[in-house]
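J.: The structure follows.
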Amino acid sequence: MEILPVRNPFVPAALRYVDQVARSGSIQQAARELRVAASAIDRQILLLEQDLGVELFERRPRGMRLTASGEAIVGLIRRWRMEERRAVAEIRRLQGIQQGHARLFAMDSHATGLLPRLVEQVAASHPFISLDIEIGSPDEAAPALVGGRADIAIAFNLPPRRDLEVLWRADLPFGCVVAPGHPLARGASVSLQEISSHPVVLQSRSLAIRRFLDAQYGWLFADPKGRIETNSLQLMKQLACSGRYALITSELDAAPELVSGALRFIPVRDTGAEPQSISVAVEAKGLDSVVRLVASAAVACVTACLAEVRAVGAPQAASGA
């Protein structure tokens, strides 16, 4: 059966140009990314503004900035493009092939363990599916889904929302992550008070886990001496691997290092230390077949990753009890 050559069949070129200029910040950059003449993009945007009777962009010396009207139009365009992708994927499904595109929003901690596994699984099972993966913070996950930037999110501490559908969720208890030779590595559990007596690397205040620690246990980490703060999980793990620093996080954040034995996870026993959560979620409306396939693969990969980490930690906890 012939594969239909559908590429951007429903959203007019002028609207796609507006979307790309909004993303790129200038007509010249959008022209390079779309491989279209800048004059053609500028002409289409001017015609659209003339038809609508409003300016979509503020034209500045250093680029283009959306007006309020432009932001409203771009929001519609991105929803239309998402529906376009779903329609194309459905056409592919009816042709008997799994071909399409899915946009995934994930956390920085997933980049070295979970995401390579997911990409490999999708490529092996469905080689005609392409993925667009954006890395961001937990606070950005819900806006990415409802704003049309992502089809699927794998996110920590995703807040309940009526416009989101959580396909899978699991609790992630707080823990102390340290090198095997660290004094805290010998225990079966640890208190936050014990952790605070050692040099600690903390997440920056832009991250939800740090805001929770500040709200509930800020007095423990009030002394800045010997403390490191950063928004880079990779740096945190490197510092923990050095053997000097303790890191307070979840087991999934350090999954590759825990499985390899480079780091150990010791549960925090404080009764008030509420667990984090990990979720795989989509926008609360019908999923096309491609997004459903990738979402199912994401759930399987997160589940397998957690099982591996906990299998490594179980003998350790038993021996330390």
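J.: For region 40-57, just list the computed ³J(HN,Hα) in residue order, Karplus coefficients 6.51, -1.76 and 1.60, θ = phi - 60°, integers in Hz, with x standing in for Gly and Pro.
T.: Values, residue by residue: 5, 5, 4, 5, 5, 5, 4, 5, 5, 4, 5, 5, 7, x, 9, 8, 8, 9 Hz.
J.: Which of the three applies to region 174-274, rounded, prolate or oblate, going by the alpha-carbon gyration tensor with a ≥ b ≥ c and a/c under 1.5 meaning rounded? Walk me through the numbers before you get to the answer.
T.: Working: a/c = 1.41, a/b = 1.25, b/c = 1.13.
Rounded, since a/c falls under 1.5.
J.: A further question on this structure: Which ³J(HN,Hα) values in Hz, rounded to whole numbers, follow from the phi angles of region 291-305 under the Karplus curve 6.51 cos²θ - 1.76 cosθ + 1.60, where θ = phi - 60° and Gly and Pro get x?
T.: So the J values, rounded to whole Hz, are 4, 4, 4, 5, 4, 5, 5, 5, 4, 4, 5, 5, 4, 5, 5.
J.: How far, in degrees from 0 to 90, does helix 68-94 lean away from the longest principal axis of the Cα atoms of the chain, to the nearest 10?
T.: 90 degrees
J.: Right, something else. HN-Hα J couplings of region 22-30 from phi, Karplus 6.51/-1.76/1.60, θ = phi - 60°, integer Hz, Gly and Pro as x?
T.: Per-residue couplings from phi come out as 4, 6, 7, x, 7, 5, 4, 5, 4 Hz.
J.: Could you let me know the centre-to-centre spacing of region 13-75 and region 174-249, using Cα atoms, in angstrom?
T.: Taking the Cα centre of each part, region 13-75 and region 174-249 sit 46 Å apart.
J.: Describe numerically, in nm with one decimal, the distance between label points set 7 Å from Cα along Cα→Cβ at Glu84 and at Ser125.
T.: 2.9 nm
J.: While we're here: Which longest run of the chain has no exposed loop site in it, a site being chymotrypsin sites (Phe, Trp or Tyr not before Pro) in a DSSP loop with at most 13 other beta carbons within 10 Å, and the site itself not part of the run? Please report the intermediate quantities before stating the final value.
T.: Numbers: sites that count: Phe10, Phe128.
In short, 129-321.
J.: Right, another one. Would you grab the residues whose amide H sits under 5 Å from the one on Val200? Only those 5+ places off in sequence or on another chain, please, with H modelled 1.01 Å from N.
T.: Those qualifying (amide H under 5 Å, at least 5 residues apart or on another chain) are Ile228, Ala246.
J.: If R0 is 25 Å, what FRET efficiency do you get for Arg169 and Arg211 from their C-beta distance, rounded to 0.05? Before the final figure, lay out the partial values.
T.: Numbers: r = 20 Å, r/R0 = 0.81.
For Arg169 and Arg211, the calculated efficiency is 0.80.
Computed from the coordinates by the stated procedures, all read-outs in this text should not be read as laboratory data. The structure displayed is predicted, hence computed values, not measured ones. Because the Cβ atoms are built from the backbone with ideal geometry, glycine has one as well, and the counts that use them run over all protein chains shown.
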